[in-house]
Amino acid sequence: MSPVRFATAALLLAACPALPPGADGGSGGGLVMIGGGSGGGLAQPGDAGAGDDGGADAGADAGTIGKGPFDAGTNAPAGPSPGEVTYWQLELPPGVLPFPRSGEAAALVGPDGTLVLIDVGNSNHDDEVRAAVRELNTQWLTPARGYARPRAPLEVDWVILTHFHADHIGAFAPLTSGAEPLSITKGVIHRGFVDVGPATNASDFQDVCTALRGPLAAKNVGLCTASPESACSISVRAPASGCPGLLLGDLSRADDDAALEPTFLALGGGARLELLGAGAFARQGRAVVAGPSFGVTDTNEENGRSVVGLVSHGAFRLLFAGDLSGSGAAGEPDVESFIVASHATHFGGVGVDVAHANHHARKTSSNTAWVTAAAPSDGRARNVIAGINTAYVNSPHQETLDAWLMGDRLGGGRFVVTRRAPAAGTSPLLIDADGRVTLQTVERGDGYWLGARAFASVRR
Ligand SMILES: [Zn+2]
């Protein structure tokens, strides 16, 4: 593991009226089998796409296309099962006055039951995140369901804080202290305590920083560095000098840290979560390169510093990047294009299966380079997931929906959100789950279920 540094947070789309019940568009959708040809037999064990056990780099872009008919079965799984990857985009209600709070968090489960939280929501969302962790550990990731060992009710292996805005880190303090703290076994990954700007929610950032420099210091995994690092308060900026945390190999092992391999979390069964970028740096081969420079006096470029990750399991790929910006407008530096250009081999010609929409599907993000790399218009079915609640007024933006949905980028896929916010865009392909969005691979990544719909992986 590597040392860490300091950062920032907040900007909140605060006060927004709650949406009247039933006022939003979209609906669940029936049980439909989409993508991947026509029926046919189940893939055989051992058939997982290339990359299942490949190197971190090569594994991300290999894959066998055209394996033939794919059959996900007839019923969506009710919860995680051994050998598969599960991703839950959690429902995080905005709460009540004085300020409805935006917030997003996701739980990722690996084939061996490794549990990763990707962001933890706002300061009022600890209950929802804790409940999801408890549900996973006590109802699903159990020996009775085929996992190797029982887990503590609040056990979490990794926490990734994509960036230091309050809607992503606000629940960290209540989740790691008090009467029911999470038990974090491996580490808390963040962009580093560097380049912390004034748009941060100072108290939330301070809580995270002081915890990771204090009682949780043994779990502190900061990716980017500076000398000296920032203080745990909004003070003098400490510009990042590099991001060595992107080249640590297996993040749970220290004996490979000098080999300059891409940093990844092992999820079991050959699945992994590789870190592609952080702090507006990206790995390029065995080097880490700084992206477009944006000043250390900025007021709201925290989004552009988001951690970028790619989950791979067999042929399956899931891309997430927090609130990464891409518009290039003031305060919205185009880091998306830089990440895409740095990782062309990962996207290859077929992109990914599922993309988490950056920044709650707002038009600051999902630029043309990003959506083209993730979802080329080739007729294959792909999906987009966004973590939204009604405090994110206008999310998903119509421009963002259009970016992903025009040109048949998603084939038979959908744009699925936890909750459509007031005054948001519309599309027949926008699905308002009004609740948790669930994704689970089948046949070790040959395909996946997203809610009640099944899809073949694009690399299959
Ligand atoms: Zn956010």
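The values are calculated or read from the model by the stated rules, or taken from the named source; none is laboratory data. Keep in mind that what you see is a predicted model, and the values were worked out from it rather than measured. In this analysis, Cβ positions are derived from the backbone assuming ideal geometry, glycine residues included, and neighbour counts consider all displayed protein chains.
Brief remarks follow.
- Within the range 89-98, the set of residues being in a loop (DSSP other than H, G, I, E, B) and within 15 Å of Leu439 (Cα to Cα) comprises Leu90, Glu91.
- Within the range 381-401, the set of residues being within 17 Å of the chain's Cα centre (by Cα) and touching a residue at least 40 places away in the same chain (Cβ under 8 Å) comprises Arg382, Asn383, Ile385, Ala386, Gly387, Ile388, Asn389.
- In the range 333-380, the qualifying residues are those that are in contact (Cβ under 8 Å) with a residue 40 or more places away in the chain, of a type in the set (Ser, Thr, Tyr) and away from the ligand (no atom under 16 Å from the Cβ), and the one that is farthest from Leu410 (Cα to Cα) is Ser342.
Table: residues versus (1) within 24 Å of Leu410 (Cβ to Cβ); (2) among the charged types (D, E, K, R).
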| site | (1), (2) |
| --- | --- |
| Gly249 | no, no |
| Leu265 | no, no |
| Ala278 | no, no |
| Phe281 | no, no |
| Gln284 | no, no |
| Gly291 | no, no |
| Glu302 | no, yes |
| Val311 | yes, no |
| Ala330 | no, no |
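- Verdict on Ala240 being buried (at least 16 other Cβ atoms within 10 Å of the Cβ) and assigned to a loop (DSSP other than H, G, I, E, B): yes
- Candidates Ala144, Ala132, Ala152 - the one that is closer than 27 Å to Tyr392 by Cα, surrounded by fewer than 21 Cβ atoms within 10 Å (Cβ to Cβ) and either away from the ligand (no atom under 15 Å from the Cβ) or not acidic (Asp, Glu) (or both): Ala132
- Those strands (runs of 3 or more DSSP E) lying entirely in the range 267-378 with at least 1 residues at pLDDT 95 or above, crowded, with 24+ Cβ neighbours inside 10 Å and not polar (S, T, N, Q): 271-278, 281-284, 308-313, 316-320, 354-356
- Test: residue in the range 289-305 that is within 15 Å of the chain's Cα centre (by Cα), at negative phi and of a type in the set (A, V, I, L, M): no
- Any hit, the range 148-161, residues being among the basic types (Lys, Arg) and under 20 Å from Gly269 (Cα atoms): yes
- Screening Gly178 on (1) modelled with pLDDT of 95 or more; (2) more than 16 Å from the ligand (Cβ to nearest atom) shows it passes everything except condition (1).
- Residue, surrounded by the most Cβ atoms within 10 Å (Cβ to Cβ), within the range 99-118, restricted to residues that are within 16 Å of the ligand (Cβ to nearest atom) and assigned to a loop (DSSP other than H, G, I, E, B): Gly103
- Qualifying residue in the range 83-90 (condition: more than 16 Å from the ligand (Cβ to nearest atom), among the charged types (D, E, K, R), crowded, with 21+ Cβ neighbours inside 10 Å and more than 20 Å from Pro181 (Cβ to Cβ)): yes
- For Asp119, the requirement of being free of Cβ contacts under 8 Å to residues at least 24 places away in the same chain and acidic (Asp, Glu) is not met.
- Residues in the range 185-202 include at least one that is surrounded by fewer than 24 Cβ atoms within 10 Å (Cβ to Cβ), away from the ligand (no atom under 16 Å from the Cβ) and among the charged types (D, E, K, R).
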